[in-house]
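**Q** Pasting a structure below so you can have a look.
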Amino acid sequence: MRLINIRTYKLREFIGNIEDPIPPYAILSHTWGHDEVMYSEMMNPTPATEKKEGYIKMKNFAAAVDQWPKRNDVEYVWVDTCCIDKSSSAELSEAINSMYQWYKHAKFCFVYLSDVARLDLLTEHDSSEAKATYRNSRIRERCRWMKRGWTLQELLANSQVMFFTRDWDHLLTKTEWIPQLSMLLGIGRDVLTTCDPSLASVAQRMSWASRRHTTRPEDMAYCLMGIFDVNMPLLYGEGGEKAFIRLQEEIMKSSDDHSLFAWRNSDKQYASYYGLLASSPQKFVKSRNIAFVDNPEDDAPFSVTNKGLSIKLHLVSKADKPGHFIGLLNCRDPGPDGEPVGLYLVRLSKDQYARIDSDKFWTVEGGHSSSNTDRTVHLPFPIQFFVRQNIRLPADYLASEVGGIFITEDIGSADISICEASPNVAWVAHEGFITILSEDSRKQEYLCYSSRSEATMGAIVIILMWDRQLQKFGAKFHHYSGWPNRDTSLQARLLHENLLQSVGSPIDEFKFYAAGSQRVASVDMRLGLMDRQVVIKVAIRIK
């Protein structure tokens, strides 16, 4: 661990063993600016280095520690910008995995609020309560420190936290501010007082980070490692979602807290299938009150296998939807005395399931389902099953809900293109996607292809059929040797000719003649997933 002498500003490295113990030190919690000083510059400072905002911030921090009345034997400070050689990926990984412990073992943690001045907090209110309310609102509005991912662990790890304004005026201590911090950040007072995040459930800890942000997407996972007392290698470039999935997998190795699965999407995602792990902390924004309930009679372990996440839950079947279930978690909302929480699940095959309706939980109110439409029948015992994070649909899978139709094309002539799609409101041309409107099962989706030279091909109409009741899909074709009457809409003509009725056998290939030669239009349709949404994938060829 490298530390900075508070008077000479020289870096010194300590091994941390008996021969070379780490001395008492103070640590800085701050948000990065645009002109920070790096490790290489601290090793060989120049006059230009000493003018940088980051170097001046480091000196002011050292001076504030030197003048602190309770400094005692603290002669060193640590600053993340310049005490880590970030050119070494191995050192950076070790530092990030150690950072929570470094903050925890510091004598003091000084929080520098670079965007808060004492004048900003002055008010004409007389009462101390009114002044505190005004101060809290101003800090919440202005302060970046309250919204950054890394500063969460820096607040939680240490009890001796001091807050300073941008002019290094001492504002208050963490102990003095615990009631307000709890209200502002949604963190329990017991956690802030004891510096023990494990007093909160996994879902609650995730909710603390749900409104925070980091510059690099992967850091949204890495900054939470200390809060969950886990370690893992850093893989910058893997993306935020993969990093967060890895974090949750690490948490599972030492925790049986079902609230890890108690997350929700903010919006209803029609016909979308999900795994049990969340893609980001933002999914836990409404999980602040989810409490884990330790049930000795239902404590089966869960883990990641090559078939997906293996878990045993009590399942409740939905009488009105065969193959649909509610998986009951060992957690409650709100708090440990609240209602049981369940997830909506669908069975894909014998032992493979997926999460659906991920925008909501199933809860019980007075012994009944919270939804009047949920007619349920309890199964007699818990079921062991698997859930893949990246859902795979079996080849013979039948879906009662489909979110859309995804079109890919192989057109033999450059002058042939789609001239009309229906329903027009659901057609996303640049994505080749037709949204199936769940509230209207009567409208039939179709595409019409034509040639710029009508004499070349006329118009070929491909009617895409989806029968929700029979859970079948297919295609029908119709060819107009000339373009349909311009005075009548194509949809009206198709309706008049009863061509949009979901009757008759679908076909995969259609042969027609245009300009004296035979053409072939073919369609290959199969069920699949696109961005976790169940879709009918349609490959259209016109040769």
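The values are calculated or read from the model by the stated rules, or taken from the named source; none is laboratory data. Everything numeric here is computed off the predicted structure, so don't read it as measured data. FYI the Cβ positions are ideal-geometry reconstructions off the backbone, even for glycines, and counts take in every protein chain you see. When the accessible area is computed, the model is the full protein with side chains, heavy atoms only, and any ligands, DNA or RNA have been set aside. Shrake-Rupley method; radii C 1.70, N 1.55, O 1.52, S 1.80 Å.
**Q** Exactly one of (1) surrounded by fewer than 16 Cβ atoms within 10 Å (Cβ to Cβ); (2) in contact with a His (Cβ under 8 Å, 6 or more places away or on another chain) is unmet by Phe292. Its number?
**A** Going through (1) surrounded by fewer than 16 Cβ atoms within 10 Å (Cβ to Cβ); (2) in contact with a His (Cβ under 8 Å, 6 or more places away or on another chain) one by one, Phe292 breaks only (1).
**Q** As an exercise: evaluate Met232 against (1) open to solvent by less than 20 Å² (accessible area, probe 1.4 Å); (2) in a helix (DSSP H, G or I); (3) of a type outside the set (D, E, K, R); (4) more than 15 Å from Ser280 (Cβ to Cβ) and give the number of the one condition it does not meet.
**A** Checking Met232 against (1) open to solvent by less than 20 Å² (accessible area, probe 1.4 Å); (2) in a helix (DSSP H, G or I); (3) of a type outside the set (D, E, K, R); (4) more than 15 Å from Ser280 (Cβ to Cβ), the one that fails is (2).
**Q** Further question on the same structure: If you go through region 82-123, how many residues are more than 16 Å from Phe14 (Cα to Cα), part of a loop (DSSP other than H, G, I, E, B), of a type outside the set (A, V, I, L, M) and out of contact with any His (no Cβ under 7 Å at 6 or more places or on another chain)?
**A** 6
**Q** Continuing with this model, one more query. Which condition from (1) open to solvent by less than 70 Å² (accessible area, probe 1.4 Å); (2) within 17 Å of Ala262 (Cα to Cα) is the one that Asp337 breaks?
**A** (1)
**Q** Another question, if that's okay. Working only within region 45-69, note down all residues that are surrounded by 12 or more Cβ atoms within 10 Å (Cβ to Cβ) and of a type in the set (A, V, I, L, M). Please lay out each step first, then the result.
**A** Pass one, region 45-69, residues surrounded by 12 or more Cβ atoms within 10 Å (Cβ to Cβ): 45, 49-50, 52-66, 68.
If the condition is that a residue be surrounded by 12 or more Cβ atoms within 10 Å (Cβ to Cβ) and of a type in the set (A, V, I, L, M), then Ile56, Met58, Ala62, Ala63, Ala64, Val65 are the ones that fit.
**Q** A further question on this structure: Taking region 183-211 as the region of interest, how many residues are over 19 Å from Ser259 (Cβ atoms) and either open to solvent by less than 10 Å² (accessible area, probe 1.4 Å) or aromatic (Phe, Trp, Tyr) (or both)?
**A** To start, the set of residues in region 183-211 that are over 19 Å from Ser259 (Cβ atoms) comprises 183-184, 189, 192-195.
Remaining after also requiring either open to solvent by less than 10 Å² (accessible area, probe 1.4 Å) or aromatic (Phe, Trp, Tyr) (or both): 192.
Residues flagged as over 19 Å from Ser259 (Cβ atoms) and either open to solvent by less than 10 Å² (accessible area, probe 1.4 Å) or aromatic (Phe, Trp, Tyr) (or both) within region 183-211 amount to 1.
**Q** What are the residues in region 82-105 that are of a type in the set (Phe, Trp, Tyr) and open to solvent by less than 40 Å² (accessible area, probe 1.4 Å), if any?
**A** Initially, region 82-105 is screened for residues of a type in the set (Phe, Trp, Tyr), giving 100, 102-103.
Listed by number, the residues that qualify are Tyr100, Tyr103.
**Q** Ok, one more. Tell me which residues, restricted to region 367-406, are under 23 Å from Lys472 (Cβ atoms), within 28 Å of the chain's Cα centre (by Cα) and at pLDDT 80 or above. Reasoning before the result, please.
**A** Step one: of region 367-406, the residues under 23 Å from Lys472 (Cβ atoms) are 391-406.
Filter once more, keeping what is within 28 Å of the chain's Cα centre (by Cα): 391-394, 397, 399-406.
Residues satisfying the conditions are Ile391, Arg392, Leu393, Pro394, Tyr397, Ala399, Glu401, Val402, Gly403, Gly404, Ile405, Phe406.
**Q** Okay, moving on. Which one of these is farther than 27 Å from Leu224 by Cβ and charged (D, E, K, R): Glu94, Glu19, Glu36?
**A** Values: Glu94 fails: farther than 27 Å from Leu224 by Cβ; Glu36 fails: farther than 27 Å from Leu224 by Cβ.
Of Glu94, Glu19, Glu36, the one residue that is farther than 27 Å from Leu224 by Cβ and charged (D, E, K, R) is Glu19.
**Q** Inspect all residues belonging to region 146-154 and state whether any of them is surrounded by fewer than 22 Cβ atoms within 10 Å (Cβ to Cβ), in contact with a Lys or Arg (Cβ under 7 Å, 6 or more places away or on another chain) and of a type in the set (Lys, Arg).
**A** yes
**Q** Under the condition of being open to solvent by 60 Å² or more (accessible area, probe 1.4 Å) and of a type in the set (A, V, I, L, M, F, W, C), which residue from region 6-25 is modelled with the highest pLDDT?
**A** The extreme case among them is Ile22.
**Q** Return a yes/no flag: does region 70-81 have any residue that is of a type outside the set (A, V, I, L, M), open to solvent by less than 10 Å² (accessible area, probe 1.4 Å) and assigned to a loop (DSSP other than H, G, I, E, B).
**A** Of region 70-81, the ones of a type outside the set (A, V, I, L, M) are 70-73, 75-76, 78, 80-81.
Pick out the ones that are also open to solvent by less than 10 Å² (accessible area, probe 1.4 Å) and you get 78, 81.
Of the ones still in play, those that are also assigned to a loop (DSSP other than H, G, I, E, B) are 81.
Yes, there is a match, as at least one residue in region 70-81 is of a type outside the set (A, V, I, L, M), open to solvent by less than 10 Å² (accessible area, probe 1.4 Å) and assigned to a loop (DSSP other than H, G, I, E, B).
**Q** So for region 263-278 (the condition being assigned to a helix (DSSP H, G or I) and in contact (Cβ under 8 Å) with a residue 60 or more places away in the chain), does at least one residue qualify?
**A** Step one: of region 263-278, the residues assigned to a helix (DSSP H, G or I) are none.
No: region 263-278 contains no residue that is assigned to a helix (DSSP H, G or I) and in contact (Cβ under 8 Å) with a residue 60 or more places away in the chain.
**Q** What number of residues in region 33-69 are assigned to a helix (DSSP H, G or I) and within 16 Å of Asn5 (Cβ to Cβ)?
**A** Residues of region 33-69 assigned to a helix (DSSP H, G or I): 39-43, 47-50, 53-66.
This time we only want the ones that are within 16 Å of Asn5 (Cβ to Cβ), so: 39, 42-43, 50, 55, 58-66.
Residues meeting the conditions: 14.
**Q** Can I ask one more? Given the criterion under 14 Å from Ser259 (Cα atoms) and either in a loop (DSSP other than H, G, I, E, B) or touching a Lys or Arg at 6+ places or on another chain (Cβ under 9 Å) (or both), identify the matching residue among Arg332, Arg288. Steps first, please.
**A** Working: Arg332 fails: either in a loop (DSSP other than H, G, I, E, B) or touching a Lys or Arg at 6+ places or on another chain (Cβ under 9 Å) (or both).
On inspection, the qualifying residue turns out to be Arg288.
**Q** Hey, can you tell me all the residues within region 503-534 that are open to solvent by 90 Å² or more (accessible area, probe 1.4 Å) and closer than 30 Å to Lys268 by Cβ?
**A** Arg526, Asp531
**Q** Examine region 259-274 for a residue that is of a type in the set (D, E, K, R) and crowded, with 21+ Cβ neighbours inside 10 Å, and state whether such a residue exists.
**A** From region 259-274, those of a type in the set (D, E, K, R) are 264, 267-268; that's our starting set.
Filter once more, keeping what is crowded, with 21+ Cβ neighbours inside 10 Å: none.
No, region 259-274 contains no residue that is of a type in the set (D, E, K, R) and crowded, with 21+ Cβ neighbours inside 10 Å.
**Q** Here's another thing I want to ask about it. Which helices (runs of 4 or more DSSP H) does region 159-222 wholly contain that include 2 or more residues that are modelled with pLDDT of 95 or more and touching a Pro at 6+ places or on another chain (Cβ under 9 Å)? Talk me through it step by step, then tell me what you get.
**A** Values: elements: 174-185, 189-194, 202-209, 219-222.
Qualifying helices (runs of 4 or more DSSP H): 189-194, 202-209, 219-222.
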